[in-house]
Amino acid sequence: MQIRQSANRALQALIVVAVVGLFALLAVTTAEHLQQRGIRSGFDFLLEPAGFTLGESLLPVDAGDSTWLAFTAGLFNTLRVALPGAALALGIGTLAGFGRLADNPLVRGLAGAYVNAFRNIPLLLQLLAWYFILTDLLPAADAALRLAPGVFVSKSGLALPWWGDGGFEIPEPGGFGIDGGARLTPEYLAMLIGLVLYSAAYIAETLRAAVLALPPGQRLAALALGMTPRQVFRLVLLPQAWRAALPPVTSQLLNLFKNASLAVAIGYPDLVSVAGTSLNQTGRAIECLVIVIVVYLLLSLVAAAVSHAFERRSQWERPT
Amino acid sequence: MSLAALRRRFFGDALNGALTLLLIAAAILWLPPLFRWAVLNARFAPDVAACEALNRSGACWGVVAEKARFILLGRYPAAESWRPALAAALIAGSWLGVAFGGLRGNRVLPALALPPLLAVPLLGGGMGGLPTVPTELWGGLPLTLLLTAAGMAGALPLGIAVAYGRRSSLPVLRALLTGYVELARGIPLIAALFVASFLLPLFFPDGVAIDMLWRVLIAIVLFAAAYLSEIVRGGLQALRQEQLDAAAALGFGYWQAQRWIVLPQVLRAVAPSLANSAIALFKDTSLVTIVSLYELTGSLGLALSGDAQWRPFYLEAWLFLAAIYWLGCALLARISSATPLRP
């Protein structure tokens, strides 16, 4: 036993030495290469002017502002698409999940076709299609489609009634397109629609599996108590299914956050695409990628904490 | 089914009836125009003038015929087209063999791992009289299939090793591997691909230049292995202790028991999850287009974005590609439900 323990200790020391050695070797090689290419290292570039602008941003950022502000604006853009996206995906996913369990064959067929199609086509390909539809197939801004009073859609995006400089504004066709209200760009809309429909299909499937995995006795017992099928679903099956589905659904929502990084492919300036631009401008690949990785790890931690809190709250609550 | 049962299904209550009517109305409103666009008014010949004359009233399926070679094989030299076609057929054939053919049991994993190994020299050439084709020119369907098959073939052994490492009695090893798994699972694949594209060249010593394709494959293997290790670890945890006791009673050593008792049962139990990971990887290979490798998704962009004449018919070419991905996913899903590892 004694020998075994000291052998273990030696082995662990060996592992530590090997790993530290490997990292030291990588660091030395990397430092050499950076020097050869004349790239300085360090995070000081964050305080220097970014030198590029973002296509759109909640924060007003221009090329003269410091780089960290551009990164922050990129993170805000990620959240701006991922947070509403998560809420919409939960809603649509729940509806589609119910639809797949419906008695009505038409509803079941439609929900099944939706889930099947959207889960089995790569998200990137879906985003490219939405972007093409929004920028190529829609009419130009001066011939915008009117979806509802004050809501217009065209190649330059979606115009909505919103608070502007002069109070609440309702968009109206003007000389060169639509005036007033708020505007959502085609890049943002393509990201939002693509992310929501892709994630919702996964959430629907998760919910359906959770309901089907419940012991059949639950449904039969509730029916025997005289509940209507809808009551059985709402009061007996759904609460239990939600509890089982919570961890996988949380991980679907976390995937939605990670998938928001595909924005780089259609030119929506999220965190990853800002990091990519900055990387190309400054050559500081390590620093830019470290920022991206750290932010995503922090987001994962936050998501894990939130889901933990929800799970605790939704534990069995026994009536007293 | 009786009329009453049908009525209950479609018009059971107010909500149900309203949904039925709504869906029937939508079908009457939208299906005929869709059919007119896709079939009646469509042009099937690769004739730009005829397609433009449609003015979007019908689909231009001719774009698929016109661009098929480029979308399916990318920039691979046209004179050598048989090589990528054969490479894709080898890999797709192994999937078909497991999904529909008689491939079962011990032969499944070698049958899935061998084709990507054969595909690499076939695509690369430089031996046996085949002209060398640099990896930058590989593309389209063979590249998508190669990244998926080679990615899984590399990630599964690594994932199994990591899963065992996380159960070892060495705390340092456990901590290191846990850190790796959580890191890989916490970041988006794009971040890993950027690391492969921008950082890996800095790490290698001078004179060692590795093609983007192999760097990306390294990133994919490391990324997927983290997910696979979690699946295998779950399978190891679910295995009943009695199995090991019985093996010990029969005189099996630790590694013998793992090889003959534990791993076969664990891999069989987690085969559906492994196949789901393969589906996820198959779809995720589309991301390598962001670091300039032109697999299916990338070659669609290459084929159309520079061609002003054909670009308006992007949607038709897109649907062709979506159908290929859909079929690939369906094939892998069938592998998952066929539980092929059963003897």
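Here, each number is a calculation from the coordinates, and none is a lab measurement. Keep in mind the model is a prediction, meaning the values are calculated, not measured. Methodologically, a virtual Cβ is constructed for each residue, glycine included, from the backbone with ideal geometry; neighbour enumeration extends over all protein chains shown.
A few points about this structure:
- Gyration tensor (alpha-carbon) shape descriptor, chain B, a/c threshold 1.5: oblate
- Between residue B:12 and B:17, the built amide H atoms are under 5 Å apart, and every one of these is 5 or more places off in sequence or on another chain.
- Shielding of B:180-190 by partner chains, average beta-carbon count, 10 Å: 6
- Calculated from backbone phi, Karplus (6.51, -1.76, 1.60) coupling profile of the range B:327-334 in Hz, x at Gly/Pro: 5, x, 5, 5, 4, 5, 5, 5
- Student exercise, the protein assembly as shown dipole from Lys, Arg, Asp, Glu Cβ charges, in Debye to nearest 20: 2820
- Alpha-carbon centroids, the range A:210-249 and the range A:186-207: separation in whole Å: 26
- Helix B:212-238 axis versus longest C-alpha principal axis of chain B: approximately 60°, rounded to the nearest ten.
- Highest-MSF residue in chain B out of B:193, B:29, B:217 [GNM, Cα springs under 10 Å]: B:29
- Candidate membrane-span-like segments in chain A, meaning DSSP H helices with Cα atoms spread over at least 24 Å of their own axis and a Kyte-Doolittle mean of 0.0 or above, are A:2-36, A:67-101, A:186-212, A:238-259, A:285-313, with no membrane implied.
- C-alpha center-to-center spacing [the range A:82-107, the range B:102-138] in angstrom: 42
- Under 5 Å between amide hydrogens, built in the peptide plane, is the criterion, and for residue A:182 it picks out A:160, A:162 among residues at least 5 positions away or on other chains.
- Put simply, when A:36-44, B:35-43, B:84-92 are sorted by average Cβ atoms within 10 angstrom per residue, most first, you get B:84-92, B:35-43, A:36-44.
- With the helix formula -39500 (n - 2.57) applied to DSSP H stretches of n ≥ 4, the protein assembly as shown reaches a computed 222 nm mean residue ellipticity of -21500 deg cm²/dmol.
- Partner lysines for residue A:258 [C-alpha distance under 27 Å; skip if fewer than 8 residues away on the same chain]: B:283
- Compared with the dominant principal axis of the Cα atoms in chain B, helix B:263-284 is inclined by about 40°.
- Inter-chain Cβ neighbour count for A:113-123, averaged per residue, equals 5 (cutoff 10 Å, partner chain atoms only).
- Label zone at residue B:38 (point 7 Å along Cα-to-Cβ), backbone N below 19 Å, the range B:54-74: B:56-65
- Relative to the 2.2 N^0.38 Å rule of thumb, the range A:67-314 has a C-alpha radius of gyration ratio of 1.20.
- Relative protection proxy for A:153-159, A:105-111, B:3-9, from highest mean packing down: A:153-159, A:105-111, B:3-9 (other beta-carbon atoms within 10 angstrom).
- Alpha carbon centroid spacing (whole Å) that separates the range B:245-263 from the range A:281-314: 41
- Estimated dipole of the range A:45-136 in Debye, rounded to 20 [Cβ of Lys and Arg +1, of Asp and Glu -1, Cα centre]: 580
- Residues in the range B:156-188 reached by a label modelled at residue A:10 [backbone nitrogen below 19 Å; 7 Å Cα→Cβ]: B:169-173
- Principal-axis tilt of helix B:82-99 within chain B, Cα atoms, nearest 10 degrees: 70
- Using θ = phi - 60° in the Karplus curve 6.51 cos²θ - 1.76 cosθ + 1.60, the 3J(HN,Hα) couplings for the range A:50-65 round to 5, x, 9, 10, 9, x, 7, 6, 6, 7, x, 10, 10, 4, x, 6 Hz; x is entered for Gly and Pro.
- When the Gaussian network model of chain A links Cα atoms closer than 10 Å, the mean-square fluctuations of A:222, A:50, A:18 top out at A:18.
- Those Cys residues of the protein assembly as shown for which no other cysteine Cβ falls under 4.7 Å: A:288, B:329
- Rounded, prolate or oblate (a/c below 1.5 giving rounded, otherwise prolate when a/b exceeds b/c) for the protein assembly as shown by Cα gyration tensor: rounded
- Ranked packing of B:232-245, B:147-160, most packed first, by mean Cβ within 10 Å: B:147-160, B:232-245
- Taking A:245, A:190, A:200 as the candidate residues, the one with maximal mean-square fluctuation in a Gaussian network model of chain A, Cα springs under 10 Å, is A:245.
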